[in-house]
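Heads up: the structure comes next, in structure tokens.
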Amino acid sequence: CRILALETSCDETSAAVVEDGRRILSNVVSSQMDTHKRFGGVVPEVASRKHVETITRIMEASLEEAGVQLKDLSAVAVTQGPGLVGSLLVGVVAAKALALSHGLPFIGVHHIAGHIYANRLSGELHFPLIALVVSGGHTEIIHMEADGSFRRLGQTRDDAVGEAYDKVARALSLPYPGGPHVDRLALEADGEIPMPRAWLEPDSYDFSFSGLKSAVLNALNQAAMRKETLDPAHVAKGFQQSVIDVLTVKALRAVKETGAEQLVVAGGVAANRGLRTSLEEACSREGIRLAIPPLALCTDNAAMIAAAAYLKWERKSFTALDMKADPMLSLEDWAKA
Ligand code: ATP
Ligand code: MG
Ligand code: FE
């Protein structure tokens, strides 16, 4: 089975060919980072235009790199949502056109299922498992009893962790997207400004990062009023340590309480070196099997969409061509469909 997948949910235009949901034949990613950098964030209107300009070239490149022709494909998959509607639409229209014109089965994919199944491109999944989803728009703990079953145990009540990273980076005058810069500063830091941790109710798997973000902004503002400057590395370290502590403790508690076989990490913030180290240490101490995708598979890419599409392929659960891009698509609903 060879699935060609497209991903255009945000500011990455990507196309990939994946064999049997596991083997990457190609995974071409074109980032619009440089375009959005000067605005300090993704501009939706600009993003969808860029996708239109790039998608055909990226699709052709992914087939060429895979050494595969359209007639060798088993299905065409695309991110249905969540994401920016104008961006999603570009991928959805392109994928539908391809499926229709070549008589190929069509599969709409939930973006977060993609982030989770990125782990199957670099190793095996062992069910039941706990998925810690940490990305630009999501922070969730998901319990998976079996392949394709998703039960959300908790989620952020305000900012997503990637969003908090980007806002803190902005306050520190670091370039967009700020996550990797905050990560680097935190690792280089020779000191730390302690920041609060939002544990919420003792039994809760929810998260909250807006208080932490405000604490960082307050510390910076108060220092400015005293005509002092804080070492940005110390600020970054305090912020990152708070994030890492809460994510690590809650994820491990979820593994233990549900008796999961494995902890898998998903989403752009899974690229965070501080988080990776913290989870590696905690899991090895507790004897928990841990999976984190290699860096290139943590952030948005189409190979992960093809990996999740394979779930539906195995069940012959294809998507009708009148499917709509859905910026608010729910993971549970997608899995059931
Ligand atoms: P979603 O997947 O929720 O729809 P998204 O697709 O925009 O959102 P991803 O591509 O999964 O998000 O991740 C992007 C986020 O990851 C950005 O907020 C970015 O700052 C963050 N990020 C990337 N690398 C790192 C890192 N090393 N440390 C912390 N954050 C990082
Ligand atoms: Mg992105
Ligand atoms: Fe994403």
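The values are calculated or read from the model by the stated rules, or taken from the named source; none is laboratory data. The shown structure was predicted, so the numbers you read here are calculated from the model rather than taken from an experiment. Note: ideal-geometry Cβ built from the backbone for every residue, glycine included; neighbour counts use all protein chains shown.
Please state which of the following conditions Val246 fails to meet, knowing it meets all the rest: (1) crowded, with 22+ Cβ neighbours inside 10 Å; (2) more than 13 Å from ligand 1 (Cβ to nearest atom); (3) free of Cβ contacts under 8 Å to residues at least 60 places away in the same chain; (4) under 17 Å from Ala160 (Cβ atoms).
With (1) crowded, with 22+ Cβ neighbours inside 10 Å; (2) more than 13 Å from ligand 1 (Cβ to nearest atom); (3) free of Cβ contacts under 8 Å to residues at least 60 places away in the same chain; (4) under 17 Å from Ala160 (Cβ atoms) applied to Val246, the lone miss is (1).
Could you list, in sequence order, the residues of the range 120-131 that are more than 14 Å from ligand 3 (Cβ to nearest atom) and either surrounded by 24 or more Cβ atoms within 10 Å (Cβ to Cβ) or not hydroxyl-bearing (Ser, Thr, Tyr) (or both)?
Within the range 120-131, the first condition is being more than 14 Å from ligand 3 (Cβ to nearest atom), and the residues that meet it are 120-130.
Passing the criteria: Arg120, Leu121, Gly123, Glu124, Leu125, His126, Phe127, Pro128, Leu129, Ile130.
Out of Asp34, Asp72, which single residue is among the charged types (D, E, K, R) and within 16 Å of ligand 1 (Cβ to nearest atom)?
Asp34
So that you can scan it fast, the table gives a plain yes or no per residue for (1) within 16 Å of ligand 1 (Cβ to nearest atom); (2) in contact with a His (Cβ under 9 Å, 6 or more places away or on another chain); (3) at pLDDT 95 or above:
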position: Thr13; (1), (2), (3): yes, yes, yes
position: Val17; (1), (2), (3): no, no, yes
position: Gly40; (1), (2), (3): yes, no, no
position: Val43; (1), (2), (3): yes, yes, no
position: Val52; (1), (2), (3): no, no, no
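The rows are residues; the columns are (1) under 29 Å from Asp72 (Cα atoms); (2) of a type in the set (S, T, N, Q); (3) buried (at least 24 other Cβ atoms within 10 Å of the Cβ); (4) in contact with an Asp or Glu (Cβ under 8 Å, 6 or more places away or on another chain).
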residue: Thr8; (1), (2), (3), (4): yes, yes, yes, no
residue: Glu19; (1), (2), (3), (4): yes, no, no, no
residue: Ile24; (1), (2), (3), (4): yes, no, no, no
residue: Asp34; (1), (2), (3), (4): no, no, no, no
residue: Val46; (1), (2), (3), (4): no, no, no, no
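Contact list please: Cβ distance under 9 Å, first residue in the range 263-282 and over 20 Å from Gly238 (Cβ atoms) and in a helix (DSSP H, G or I), second residue charged (D, E, K, R) and more than 16 Å from ligand 2 (Cβ to nearest atom), pairs at least six apart or on different chains.
What qualifies is Ala270/Arg276.
Report, by residue number, each residue of the range 93-112 that is surrounded by fewer than 24 Cβ atoms within 10 Å (Cβ to Cβ) and touching a residue at least 12 places away in the same chain (Cβ under 8 Å).
Correct list: Ala94, Lys96, Leu98, Ala99, Leu100, His102, Leu104, Pro105, Phe106.
I'm trying to understand the selection: among the residues of the range 154-186, which are in contact with a helix residue (DSSP H, G or I) (Cβ under 6 Å, 6 or more places away or on another chain) and of a type in the set (A, V, I, L, M, F, W, C)?
Val161, Ala164, Val168, Ala169, Ala171, Leu172, Leu174, Val182, Leu185, Ala186
Please go through the range 114-155 and pick out each residue that is under 14 Å from Ala309 (Cα atoms) and either within 16 Å of ligand 1 (Cβ to nearest atom) or acidic (Asp, Glu) (or both).
Gly114, His115, Ile116, Tyr117, Ala118, Asn119, Leu121, Asp147, listed by residue number.
Quickly run through the range 273-306 and pick out the residues that are among the polar types (S, T, N, Q) and either under 14 Å from Ser122 (Cβ atoms) or within 15 Å of ligand 2 (Cβ to nearest atom) (or both).
Thr299, Asn301
Looking at (1) more than 16 Å from ligand 3 (Cβ to nearest atom); (2) under 30 Å from Arg22 (Cβ atoms), which is the one condition that is false for Ala224?
Going through (1) more than 16 Å from ligand 3 (Cβ to nearest atom); (2) under 30 Å from Arg22 (Cβ atoms) one by one, Ala224 breaks only (2).
Can you tell me which of Glu192, Glu228 is in a loop (DSSP other than H, G, I, E, B), on the phi < 0 side of the Ramachandran plot, away from ligand 2 (no atom under 16 Å from the Cβ) and out of contact with any helix residue (DSSP H, G or I) (no Cβ under 6 Å at 6 or more places or on another chain)? First the steps, then the outcome.
Working: Glu192 fails: out of contact with any helix residue (DSSP H, G or I) (no Cβ under 6 Å at 6 or more places or on another chain).
Going through Glu192, Glu228 in turn, the sole match is Glu228.
Here is a check on your reading of the model: is Gly287 under 18 Å from the mean Cα position of the chain (by Cα) and not basic (Lys, Arg)?
no
Report, by residue number, each residue of the range 33-80 that is over 30 Å from Lys167 (Cβ atoms), among the hydroxyl-bearing types (Ser, Thr, Tyr) and part of a helix (DSSP H, G or I).
Hits for the range 33-80 are Thr56, Ser62.
Phe106 - would you say it is touching a strand residue (DSSP E or B) at 6+ places or on another chain (Cβ under 7 Å) and farther than 17 Å from Glu7 by Cβ? Spell out the reasoning first.
Details: touching a strand residue (DSSP E or B) at 6+ places or on another chain (Cβ under 7 Å): yes; farther than 17 Å from Glu7 by Cβ: no.
Here the answer is no, as Phe106 does not meet what is asked.
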